[in-house]
Amino acid sequence: MKLRSIPVLLACVQMLLAACSRGPESGENPGVEASGGTAPKVTVVDDAAMADEASGQNWLAFGRTYSEQRFSPLDQVDDGNVSKLGVDWYVDYPNDRGLVSTPLVVDGVLYFIGSMNRVRALDATTGELLWEFDPDVVENTGNDLRAGWEHNRGIGIWKDTVYVATWDGRLIAVDRATGKRVWSVHTFDPELPLYITGAPKIFKGKVLIGNGGTENGPTRGYVTAYDAETGALSWRFYIVPGDPALGFESDAMRMAAKTWTGEWWKYGGGGNAWHGFTYDAELDQLYIGTGNGAPWNQKIRSPGGGDNLFLCSIVALDPDTGEYLWHYQTTPGETWDFNSNMDIVLADLEIGGQTVKALMHAPKNGFFYVIDRETGKLISAEPFAEVNWATHVDLETGRPVETPDARYPDGSVRLTPTPAGAHSWNAMSYNPMTGLAYIPVIHASVVYDDRGVDKSSWQSALFEGDTTGVGWSWSYEEGPGSGSLQARDPVTNKTVWEVPLVGIGNPGTMTTAGNLVFQGRVTGDFVAYDATTGEELWKYPLGLGISAPPVTYTVDGKQYIALLVGWGSGAAALGGKPSVANGWAYGLQTRRLVAFSLDGKHVLPPQPAPAPARPVPIPQFEVRQDLAEQGWGEYAGRCMACHGFDAVSPGMAPDLRASAVLGSAEAFADVVRGGSREQNGMPAYRHLTDEQLLKIRHYVRREAERVLQDAGGQ
């Protein structure tokens, strides 16, 4: 662990912070004046605090409170004065990349997780660094750095401890006062192609974490709860059944196995739960949003059909034991990557003259669900975006009524939503004062095509090649794809207002008692809307695409609104033409944490203008078309998820067409196989052969030459 800290007096629960010395922090902004520390507070971060909807001083969890509403009762900033918001303080992070997380705030201290899972604690009134914890992700990986993404959606806090889940699969407890490690556990076998990008969920003295990796090999999803004090395993719930010959872990798995066919366990089954956990303190139930199948294509995974429980479901569990209580499956037998890892929001709704303890869920498949959270019974399900894979959801059976060609029976079909979803993990919010939910929506379509897949012999391997069992590509027949911010009434399950937005992957929302909704945009603007009407009331250009949701808090009676500015997440990798058009080339703009207030007067340093990466000529490199054709498969299986379709990067990772490294076999091997840039989040694929690397180089250079030739002919 690397630890850097500055002298500071900081109050934590029932203790004062011991000071330790440090030198200047590279991430500090010299233009920000220190406040001299914050007054001691005594907030105990426990079940009572995280269930408290009335107090707006802190932001204690991903969704602020256990309800996941992302609603703050603060109203110092409201629809009448929001236009006066200005920058109160900011901090530059030139060595970070995709910043997508929700900061947490406790008693004047702001905590957040950045690139390579580094956690920082700052004075929430100045941005002054208090401590930084580096979990040394690269040094703790197995033979391959997990073939996932280096971003992380957030951290958790319980009493005196901060909890961080790392890319390489560790769950680490960090002392909230000093930033020193308390304990660490591995949540999965380091040799498996799994990774973690989600925030831990903490309740009743337990820390829950899942994992991702469905597309990286044969994986079987599960969630695990650990003791918050010791790190000891409390319980584990598997989302899909394993090999029947080995026995089932529970009656729930025995029940689920009846909904599968073939030899699904050889493919893992999938169901990885990487996000979408909600604890219901009132009913003492835990809700898990579950993932898609492995592979995506059900024709391979479960060739005789079946619902394939508990894929793409909300599963209610006993929080003390992890035992199954009930489930609702949004997409039975899914075959499109329509997972249900999206947030699950709790509210009491007046429906049909009765108060219903409801949960709201807007998964990828395009339907907005309102469910009785006591029983799992479906109340309503209506499309909130364009949907052509199903006509409607039958309220009697709770099942979607699929269109005849939805499962690409002829091998190819154009569908909407897409694997990015009509709504992805970017959080929606719910305002109990307006009665509206605010959803970042994606409008796009793709073509699924499995005609080139030998379904009788298909198999996936760890870290290798195609693991979906079906190809997909963006369809631009009806335009390049776009987004919107939608206000939805969950009682009527209808749209009340909607604001069209440029690009896909616009980030999560926050709403307040000031009749406001805040949302960043992929274009780099931070915007406040009238929560009742959708009117745009305030906009501040931040000079870089935003992927993180905002939070709000108070210190000494002053309200702040803060968010991370750092283009990242799936839209920055696989967003296609709409994301490339934003122009956020890798490494061009500086990442920041920015806090606003009504008396903020700081002026942010200007950012470089958007400028998409341009291919560079490598005169000595002569492309061989046969190698380039073979290189497409090598690139698609390993590189595309970060470097983009057709070797065109939307900004998460460098655009390889613009890299001179491809001109040298030795230099390219040093990066891709040797791991020379692992600290920047570039995995080391140590098992790749010289021939495989050669094919990738020829494919990328072919794509670069196509653009260079077109430019030369104009």
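The values are calculated or read from the model by the stated rules, or taken from the named source; none is laboratory data. Computed from a predicted structure; not experimentally measured. No Cβ is skipped: glycine too gets one built from the backbone with ideal geometry, and neighbour counts run over all protein chains shown.
Among the residues of the stretch 650-660, which ones are under 15 Å from Arg702 (Cα atoms) and not basic (Lys, Arg)?
To start, the set of residues in the stretch 650-660 that are under 15 Å from Arg702 (Cα atoms) comprises 655-660.
Those that are under 15 Å from Arg702 (Cα atoms) and not basic (Lys, Arg): Asp655, Leu656, Ala658, Ser659, Ala660.
Which residue pairs have Cβ atoms closer than 8 Å, lie 6 or more positions apart in sequence or on different chains, and pair a first residue in the stretch 695-711 that is touching a residue at least 40 places away in the same chain (Cβ under 8 Å) with a second residue that is of a type in the set (Lys, Arg) and crowded, with 23+ Cβ neighbours inside 10 Å?
Hits for this filter: Val700/Arg657; Arg701/Arg657; Glu703/Arg657; Ala704/Arg657; Val707/Arg657.
Does the stretch 636-644 contain at least one residue that is basic (Lys, Arg) and modelled with pLDDT under 90?
So in the stretch 636-644, the residues basic (Lys, Arg) come out as 638.
From what's left, modelled with pLDDT under 90: 638.
Yes: one or more hits.
Of Lys577, Lys539, which residue is surrounded by fewer than 24 Cβ atoms within 10 Å (Cβ to Cβ), within 15 Å of Leu604 (Cβ to Cβ) and in the same structural domain as Thr523 (by TED's automatic domain parsing)? Talk me through it step by step, then tell me what you get.
Working: Lys577 fails: within 15 Å of Leu604 (Cβ to Cβ).
None of the others qualify; the one that does is Lys539.
Looking at Gly333, Gly352, Gly398, Gly366, which one is at pLDDT below 95 and farther than 17 Å from Tyr279 by Cβ? Outline the logic, then answer.
Details: Gly333 fails: at pLDDT below 95; Gly398 fails: at pLDDT below 95; Gly366 fails: at pLDDT below 95.
None of the other options fit; the residue is Gly352.
Touching a strand residue (DSSP E or B) at 6+ places or on another chain (Cβ under 6 Å), within 30 Å of Trp584 (Cβ to Cβ), at pLDDT 95 or above and not hydrophobic (A, V, I, L, M, F, W, C), is that true of Tyr90?
On the way: touching a strand residue (DSSP E or B) at 6+ places or on another chain (Cβ under 6 Å): yes; within 30 Å of Trp584 (Cβ to Cβ): yes; at pLDDT 95 or above: yes; not hydrophobic (A, V, I, L, M, F, W, C): yes.
So Tyr90 fits the description; yes.
For residues that are among the hydroxyl-bearing types (Ser, Thr, Tyr) and buried (at least 24 other Cβ atoms within 10 Å of the Cβ), scanning just the stretch 502-536, find the one that is nearest to Ala573 (Cα to Cα).
Within the stretch 502-536, the first condition is being among the hydroxyl-bearing types (Ser, Thr, Tyr), and the residues that meet it are 509, 511-512, 523, 529, 532-533.
With buried (at least 24 other Cβ atoms within 10 Å of the Cβ) added as a condition, the list becomes 509, 511-512, 529.
Numbers: Thr509: 21, Thr511: 28, Thr512: 31, Tyr529: 28 Å.
Among residues in the stretch 502-536 that are among the hydroxyl-bearing types (Ser, Thr, Tyr) and buried (at least 24 other Cβ atoms within 10 Å of the Cβ), the one nearest to Ala573 (Cα to Cα) is Thr509.
Being of a type in the set (Gly, Ala, Ser) and either under 26 Å from the mean Cα position of the chain (by Cα) or crowded, with 24+ Cβ neighbours inside 10 Å (or both) is the requirement here; does Gly306 meet it?
Values: of a type in the set (Gly, Ala, Ser): yes; either under 26 Å from the mean Cα position of the chain (by Cα) or crowded, with 24+ Cβ neighbours inside 10 Å (or both): no.
Judged against the criteria, Gly306 is not a match.
Return the residues of the stretch 113-123 that are surrounded by fewer than 24 Cβ atoms within 10 Å (Cβ to Cβ) and in contact with a Ser or Thr (Cβ under 9 Å, 6 or more places away or on another chain); say none if nothing qualifies.
The answer is Met116, Asp123.
Yes or no: Gly663 surrounded by fewer than 19 Cβ atoms within 10 Å (Cβ to Cβ), farther than 21 Å from Leu708 by Cβ and either hydroxyl-bearing (Ser, Thr, Tyr) or touching a helix residue (DSSP H, G or I) at 6+ places or on another chain (Cβ under 9 Å) (or both)?
Working: surrounded by fewer than 19 Cβ atoms within 10 Å (Cβ to Cβ): yes; farther than 21 Å from Leu708 by Cβ: no; either hydroxyl-bearing (Ser, Thr, Tyr) or touching a helix residue (DSSP H, G or I) at 6+ places or on another chain (Cβ under 9 Å) (or both): yes.
In short, no.
Those residues that are modelled with pLDDT of 95 or more, buried (at least 20 other Cβ atoms within 10 Å of the Cβ) and small (Gly, Ala, Ser), I need them from the stretch 471-498; list them, please.
Of everything in the stretch 471-498, those that are modelled with pLDDT of 95 or more, buried (at least 20 other Cβ atoms within 10 Å of the Cβ) and small (Gly, Ala, Ser) turn out to be Gly483, Ala487.
Does the stretch 431-438 contain any residue that is surrounded by fewer than 19 Cβ atoms within 10 Å (Cβ to Cβ) and of a type in the set (S, T, N, Q)?
no
For the stretch 65-87, does any single residue satisfy the condition of being within 13 Å of Leu593 (Cβ to Cβ) and assigned to a strand (DSSP E or B)? Step through it out loud before you land on a result.
Filtering the stretch 65-87 for residues within 13 Å of Leu593 (Cβ to Cβ) gives 87.
Narrowing further to those that are assigned to a strand (DSSP E or B): 87.
For the stretch 65-87, residues within 13 Å of Leu593 (Cβ to Cβ) and assigned to a strand (DSSP E or B): present.
Pick from the stretch 184-202 the residues that are of a type in the set (D, E, K, R) and assigned to a loop (DSSP other than H, G, I, E, B): which of them is surrounded by the most Cβ atoms within 10 Å (Cβ to Cβ)?
So the first thing to find is which residues in the stretch 184-202 are of a type in the set (D, E, K, R), and the list is 189, 191, 201.
So of that shortlist, the ones also assigned to a loop (DSSP other than H, G, I, E, B) come out as 189, 191.
Numbers: Asp189: 9, Glu191: 11.
Result: Glu191.
Pick from the stretch 241-257 the residues that are in contact (Cβ under 8 Å) with a residue 12 or more places away in the chain and assigned to a helix (DSSP H, G or I): which of them is nearest to Leu325 (Cα to Cα)?
Ala252
Taking the stretch 297-319, which residues are touching a strand residue (DSSP E or B) at 6+ places or on another chain (Cβ under 8 Å) and in a loop (DSSP other than H, G, I, E, B)? Steps first, please.
Within the stretch 297-319, the first condition is being touching a strand residue (DSSP E or B) at 6+ places or on another chain (Cβ under 8 Å), and the residues that meet it are 301-302, 307-319.
If the condition is that a residue be touching a strand residue (DSSP E or B) at 6+ places or on another chain (Cβ under 8 Å) and in a loop (DSSP other than H, G, I, E, B), then Ser302, Asp307, Asn308, Leu309, Phe310, Leu311, Cys312, Asp318, Pro319 are the ones that fit.
Looking at (1) closer than 19 Å to Gly213 by Cα; (2) surrounded by fewer than 19 Cβ atoms within 10 Å (Cβ to Cβ), which is the one condition that is false for Phe338?
(2)
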